[in-house]
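Read the structure below first, then the notes.
The values are calculated or read from the model by the stated rules, or taken from the named source; none is laboratory data. This is a predicted model, so every value here is computed, not measured. Backbone-built Cβ (ideal geometry, glycine too); neighbour counts: all protein chains shown. We work out accessible area using only protein heavy atoms, side chains counted, and drop any ligands, DNA or RNA first. Shrake-Rupley method; radii C 1.70, N 1.55, O 1.52, S 1.80 Å.
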Amino acid sequence: MSDIDRVLRSNLKLKHLQLVVALDEFRHLGRSAEFLSLTQPAVSKSLAEIEKMFGLELFIRSTRGTRPTAYGEQVVRFARSVLVDFDRTCDDIASVASGGAGRIRVGAMVVATPGLLVGAVSRLKLSSPHTTVSIEEGDLTRLLPRLRTGELDFIVGRLEPGYSSPDLETEALYTDTMRVVVAADHPLAAVAKPTWHHLATLPWVVPPAWASSRVKLNQMFYKHKLQPPADVIETSSFLVMMAFMRERGCVCFLATKVAQYLESVGLGYTLPLEVPIELPPVGIILLRNGLRTPVASSLIAALHEQALDIGGETAPE
């Protein structure tokens, strides 16, 4: 163990870390070499040097490519976290040098984007216009690993209880109901009293299968003695959802504030349909004991202010 400590503290260089991350990304010596602007023999030699430092095999080589061993997976995780901190420090120094005000990296779920996050970022920009805000859209399966490696400062979205973990902390902001939404020119927009029977045979764009909103949607159909729609597109992307709603006439299941946004810009129509379900609150997910930069604290404060302004029921403590 003391040898491992020595390697991590003293022997490994940034080029070594970049190499193991590239090998994990591309799973191929040749493609990794091309990405790093090196020759394949040079990559092979460097990997052999790294493995000699650790006294461990980090990657299995075969005719099909490379893949990390159990030891390699841990080194890759360490390398990613160090490189993220390195890039962030470079960005922050460059920002200060150019008169900027830093960078914030946020993971965003659709439920929190139009009303909450956009408004909060606008508030931040009023006082700090040169702050760079990097937003990555996705669901928790994609965003949580990036939060844990330090690639995101925090996530804004629905606080799904199935993804709670001792290494995470959450700040609930408000609860939001769900609505059934179609394109503004969809035939159902002209139906005075649409029913779940109308909806059962139509194509849908729905949240991923693990999402609590998806589970509750299926339950609504069962409640009306119907099978959930079979013609579905699963996505956590706002753009994908919009494209299929417009181009294919798909029905969408969206948070009320997202539905209100679509109506406000003339793109969506909320069906007058009761959706009596309870879902987890919308809020902020952070890495427990993680570094919280001044910029992150400022945006979190703006999120709290925006949550109060847009209404909705205050989430329970």
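Here are a few things to note about the model shown:
- The residue of the range 213-235 that is modelled with the lowest pLDDT, among those that are surrounded by fewer than 16 Cβ atoms within 10 Å (Cβ to Cβ) and under 23 Å from residue 107 (Cβ atoms), is 215.
- Which listed residue, of 253, 238, is open to solvent by 20 Å² or more (accessible area, probe 1.4 Å) and of a type outside the set (Gly, Ala, Ser): 238
- For beta carbons closer than 7 Å, sequence separation of 6+ or different chains, a first residue in the range 54-68 that is touching a residue at least 24 places away in the same chain (Cβ under 8 Å) and a second that is assigned to a strand (DSSP E or B) and open to solvent by 50 Å² or more (accessible area, probe 1.4 Å), the qualifying pairs are 59/67; 66/60; 67/60.
- Conditions (1) within 26 Å of residue 229 (Cβ to Cβ); (2) part of a strand (DSSP E or B); number of the one not met by residue 172: (1)
- Residues in the range 96-137 that are among the hydroxyl-bearing types (Ser, Thr, Tyr), modelled with pLDDT under 95 and more than 21 Å from residue 279 (Cβ to Cβ) were compared, and the one that is farthest from the chain's Cα centre (by Cα) is 98.
- The range 197-212, residues that are open to solvent by 10 Å² or more (accessible area, probe 1.4 Å) and assigned to a helix (DSSP H, G or I): 197, 198, 200, 212
- From the options 29, 23, residue that is touching a strand residue (DSSP E or B) at 6+ places or on another chain (Cβ under 8 Å) and either farther than 13 Å from residue 72 by Cβ or loosely packed, with under 12 Cβ neighbours inside 10 Å (or both): 29
- Members of the range 107-151 that are open to solvent by less than 10 Å² (accessible area, probe 1.4 Å) and part of a loop (DSSP other than H, G, I, E, B): 131, 138
- Within the range 218-263, restricting attention to residues that are in a loop (DSSP other than H, G, I, E, B) and of a type in the set (D, E, K, R), the residue that is farthest from residue 278 (Cα to Cα) is 248.
- Residue 244 falls short on exactly one of the conditions (1) among the aromatic types (Phe, Trp, Tyr); (2) open to solvent by 40 Å² or more (accessible area, probe 1.4 Å); (3) within 24 Å of residue 175 (Cβ to Cβ), and that condition is (3).
- Residue list for the range 46-76, restricted to those being assigned to a helix (DSSP H, G or I) and either among the aromatic types (Phe, Trp, Tyr) or surrounded by 16 or more Cβ atoms within 10 Å (Cβ to Cβ) (or both): 46, 47, 50, 51, 53, 54, 71, 72, 75, 76
- For the range 32-45, a residue qualifies if it is part of a helix (DSSP H, G or I) and of a type in the set (A, V, I, L, M, F, W, C), and the qualifying residues are 33, 35, 42, 43.
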